[in-house]
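Got a structure here, written out as C-alpha cells. Questions coming.
Read the figures in this text as sums done on the coordinates, not as results from a lab. None of the values given here were measured: they were computed from a predicted structure. Cβ coordinates were reconstructed from backbone atoms using ideal geometry, including for glycine residues, and neighbour counts include every protein chain displayed.
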C-alpha cells in the first residue's frame, strides 16, 4: 500500500513553518533557525548548489624546491600545477625563492601563469634584491603572493622565474630552497 501526503506547509506545534513549498521552491526553516544534519547522515547534491557564500578554500597544493641556476637572463626556477573545480574560482599563489648575490648584482622574482616562454607574467617582482659595495656571497630571500583569476577548469601551472637585472649574472638557489603554495578560493 502506498500513501501520499499532499501539503504546502508543515508547521511545528507553535505554528512556525518548518517546511514550506511555493512556486517550486522548498524552504526549510526560517531566518535564524539552525538546520542540523545528524552524524552519519549524507547530503547529496546532483543539481546546482547556490547561496552558500564564497571565499571557501577548496584545495591546497604545496611544493618545496631545491634549485641551482646561474644565469644572466630570465630562468624558470620551479612550478606547480592546480586544476580549479570552477571557472570562477580564484587561485591564491604564495611563493618564496632565494639567490646568492655578489657585489652590485640585482635580481627579482616574478610569477607566471604558465611557462616563461608561453605564459603570462602575473606578478613582477621588480628590482627586489640588490647587494651594493664590496659585499659578496650574500644570500637573499624573497616571498610574495598573488590572487589570480585563471577563468578555467583546466590545469593551470604557476612558475616562479628568476630575473637578473642591470646586466647581472645571478646564482639562483645556490642550495637554498624555494616553495610555492596554491589555494583554490571558491567564488
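Condition first: in contact with a strand residue (DSSP E or B) (Cβ under 7 Å, 6 or more places away or on another chain), outside any strand (DSSP E or B), surrounded by 10 or more Cβ atoms within 10 Å (Cβ to Cβ) and touching a residue at least 40 places away in the same chain (Cβ under 8 Å). Can you find one or more residues in the stretch 59-67 that meet it?
Within the stretch 59-67, one or more residues are in contact with a strand residue (DSSP E or B) (Cβ under 7 Å, 6 or more places away or on another chain), outside any strand (DSSP E or B), surrounded by 10 or more Cβ atoms within 10 Å (Cβ to Cβ) and touching a residue at least 40 places away in the same chain (Cβ under 8 Å).
Moving on. Regarding residue 26, is this residue surrounded by 10 or more Cβ atoms within 10 Å (Cβ to Cβ), more than 30 Å from the chain's Cα centre (by Cα) and assigned to a strand (DSSP E or B)?
Against the criterion (surrounded by 10 or more Cβ atoms within 10 Å (Cβ to Cβ), more than 30 Å from the chain's Cα centre (by Cα) and assigned to a strand (DSSP E or B)), residue 26 does not qualify.
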